[in-house]
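Just below is one structure, and these are the notes that go with it.
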Amino acid sequence: MRVWMVSPELAPVAKAGGLADVVGALPEALFHVGQVETAVVLPEYGPLLSDPRIVERAVTHRFRVWLGPFPFDGALVRARLADPAGGPGIPLILVRQHHFFGSRPHPYGERGGTVAYHDQALRFAFFNHAVLIAAQKARHKPDLLHLHDWQAGLVPLLMPQYGLNLPTVLTLHNLGYQGVFGWELFDDLGIDFAQWPNLKRGDGAMSWLEGAIRTATAITTVSPTYAREILTPEGGEGLHELLAARGVTGILNGIDTLTWNPILDPLLPHPYFDPEERATMRAAFAAEMGFDPRLPTFGLVSRLAKQKGIDLFTQAVHHFNPPPFNLVVLGTGEHDIEGQIQSLVDRFPERVRYIHGFDEPLAHRVYGGSDFLVVPSRYEPCGLTQMIAMRYGAIPVVRATGGLADSVVHVDDDWEHSTGVVFKDASVGGVSWGIHRALGLFESPEAMQSVAARGMARDASWDESGRHYLELYHEIAPLPLD
């Protein structure tokens, strides 16, 4: 089977969030479990033009797309994302267009993607057209297109115009981002909207994601619990009735267990095999941060946004005076949330460290040196940080939502299988309860080691997820019998 992943992100070369990690890891898992030949179709953003990890580039086709009255020329570039371990890597189809992609340093916008580019609709409309031109011209056409998020949402709408009838899987990574644009723009996008009269919303706009949900062959999301949550008025972002009518399959993400491996991690000064060996790494990290090693250390590696519940967490920490724990925060995001983190630093300078931005080596050390990793999200479609934390022996403290609920077993629910602390309420009180339960756990070194060891032993690989996707692929694109 031949599958094309259509995505705006790909780890490690074009990463803005967890979507990149999924698209970077799933191709290898699909090949491992079912010999699926996977290529990733991706815009060739500015940094990719000179990225040495992308090799064997060759322009295969040049083309023109009309968006409104204006022609935009582009090219399709065959390439390969090299595997640092010496494997075959990932075949790529890069969409080259200087104005929309090559001149842009970030996939989505200015200031690290927090301010969207003004021509976002035109950029990704061009990308969607290019995907179908690539499929149309391909010597070996894909059996299926796997579309990721709204940035690939026009593909099934445009497909009839290119004489194609390929099955599509749409994966919803976060329903909060739908690609909503004013209807007046859509005359410029090259779509015959007379065929889709029900896509215009009451507010005079259109959601690209809604269009894809209506027209994709099958719909998945990134955890079973999130698949149930988005069928409710509270979690469905206005699309719950449509999603219930279409049906959604929840498949829990995995993580790249080769990259995230505390035994072999080159970014850890003291790699380790188990919680007992981890003590050396913990002590080194406490020294690096200037922390009192007798206190537990909570880590937070996150996009700093309201969705992530960071505001609830900062308020909960302020209730302590001083907090009986150390805290290290690594991330960037919404300005007011960043200010709330800084207020903790100002109030508790001996206990709190804030590293603004993202530092990959430091992230590995936070996972390797913290006792607990906090994920207090209001909603979380899947989440990867809690899985990485468990892999590294940091006990996750998470809210019972989405993939957090699916991947972490609460210490008070099933001790023999428990891997972390899970609290129910998206409130300051809920977060405070989670912190206090973690502090209680820290009082027993034997209990800490037991929970950490179970987390480290948990299978977080992509193989199980890959098998679920493979089953779905075969359902909607059955291969002919020989």
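Could you list which residues have their amide H under 5 Å from that of residue 297, counting only those 5 or more apart in sequence or on another chain, with H placed in the peptide plane?
For residue 297, the qualifying residues are 326, 371, 372.
Using a simple spin-label model with points 7 Å from Cα along the Cα→Cβ vector, what separation in nm is obtained for residue 165 and residue 103?
It is 4.1 nm.
Between residue 378 and residue 414, what is the label-to-label distance in nm when each label sits 7 Å out along the Cα-to-Cβ direction?
It works out to 3.0 nm between the two label points.
For the stretch 150-164, what does the Karplus curve 6.51 cos²θ - 1.76 cosθ + 1.60, with θ = phi - 60°, yield as ³J(HN,Hα) per residue in whole Hz, taken in order and with x for Gly and Pro?
Residue by residue, the stretch 150-164 yields 5, 5, 10, x, 8, 4, x, 6, 7, 3, x, 5, 9, x, 10 Hz.
Place the peptides 34-44, 411-421 in order of packing, highest mean first, counting for every residue the other Cβ atoms within 10 Å and averaging per peptide.
The most tightly packed comes first, giving 34-44, 411-421.
Residues with amide H under 5 Å of residue 67's amide H, sequence separation 5 or more or different chain, H placed in the peptide plane at 1.01 Å from N; which?
Amide H neighbours of residue 67, under 5 Å, 5+ apart: 72.
Are there GluC sites (Glu not before Pro) in the stretch 191-257 that DSSP puts in a loop and that have at most 10 other Cβ atoms within 10 Å, and which ones?
Passing sites in the stretch 191-257 are 234.
Could you tell me the relative contact order of the chain? Use alpha-carbon pairs under 8 Å, at least six residues apart, and round to a whole percent.
Relative CO of the chain lands at 13 percent.
Give me a comma-separated list of calculated 3J(HN,Hα) values for the stretch 361-366, in order, Karplus coefficients 6.51, -1.76, 1.60 applied at θ = phi - 60°, integers in Hz, x for any Gly or Pro.
Once θ is set to phi - 60°, the couplings for the stretch 361-366 become x, 5, 4, 4, 6, 4 Hz.
So what J values fall out for the stretch 20-31 if you push phi through Karplus, 6.51 cos²θ - 1.76 cosθ + 1.60 with θ = phi - 60°, rounded to Hz, Gly and Pro as x?
4, 5, 4, 5, x, 9, 5, x, 5, 5, 5, 5
Kindly rank 24-32, 262-270 from highest to lowest mean number of other beta carbons found within 10 Å of each residue.
Highest to lowest by the protection proxy: 24-32, 262-270.
Determine the relative contact order of the stretch 243-360: mean sequence separation of Cα pairs under 8 Å and six or more apart, normalised by residue count, in whole percent.
Answer for the stretch 243-360 is 20 percent.
Hey, with R₀ at 51 Å, roughly what FRET efficiency would residue 139 and residue 307 work out to, going by the Cβ-Cβ distance, to 0.05?
Between residue 139 and residue 307 the formula returns 0.75.
If you roll a 1.4 Å probe over the heavy atoms of the protein chains, what accessible area per residue do you get for the chain, in Å²?
41 Å²
Taking the Cα centre of the stretch 275-459 as origin, work out the dipole magnitude from +1 charges on Lys and Arg Cβ and -1 charges on Asp and Glu Cβ, in debye rounded to 20.
The calculation lands at about 180 debye.
If you take the beta carbon distance between residue 35 and residue 335 as r and set R0 to 60 Å, what does 1/(1 + (r/R0)^6) give as a FRET efficiency, to the nearest 0.05?
0.80
Between residue 280 and residue 118, 0.36 nm times their residue separation minus their Cα-Cα distance comes to what?
Full-extension gain reported as 53.4 nm.
Take each of the peptides 389-400, 64-75, average the number of other beta-carbon atoms within 10 Å over its residues, and list them starting from the highest.
Top of the packing list down: 389-400, 64-75.
From zero up to wherever the largest Cα-Cα distance of the stretch 46-129 sits, split into 10 Å bins and tell me the percent of pairs in each.
Final binned percentages: 16, 43, 32, 9, 1.
Which length gain, in nm to one decimal place, applies between residue 263 and residue 201 when the Cα-Cα distance is subtracted from 0.36 nm times their residue separation?
Stretched fully, the residue 263-residue 201 segment lengthens by 17.1 nm.
At 222 nm, what value in deg cm²/dmol follows for the chain if DSSP H runs of at least 4 each add -39500 (n - 2.57) and the sum is divided by all its residues, to the nearest 500?
So the calculated ellipticity at 222 nm is -10000 deg cm²/dmol.
List the residues of the stretch 386-401 whose backbone N lies under 16 Å from a point placed 7 Å from the Cα of residue 457 along the Cα-to-Cβ direction.
Those under the cut-off are 390-394.
Under a plain spin-label model, where a point goes 7 Å from the Cα along Cα-to-Cβ, how far apart in nm are residue 188 and residue 467?
For the pair residue 188/residue 467, the computed spacing is 4.9 nm.
So who's got an amide H within less than 5 Å of the one on residue 219, skipping anything under 5 residues away but keeping other chains? H placed 1.01 Å off N, in plane.
So residue 219 has HN proximity to 170, 249.
Could you calculate the FRET efficiency of residue 342 with residue 110 from 1/(1 + (r/R0)^6), where r is the beta carbon distance between them and R0 is 22 Å, rounded to 0.05?
Approximately 0.50, to the nearest 0.05.
The values are calculated or read from the model by the stated rules, or taken from the named source; none is laboratory data. The structure presented is a predicted model; accordingly, all values stated were derived computationally and were not measured. When we count neighbours, we look across all protein chains shown, and the Cβ atoms used for this are built from the backbone with ideal geometry, even at glycine. Calculation scope for accessible area: heavy atoms of the full protein, side chains included, ligands and nucleic acids excluded. Shrake-Rupley method; radii C 1.70, N 1.55, O 1.52, S 1.80 Å.
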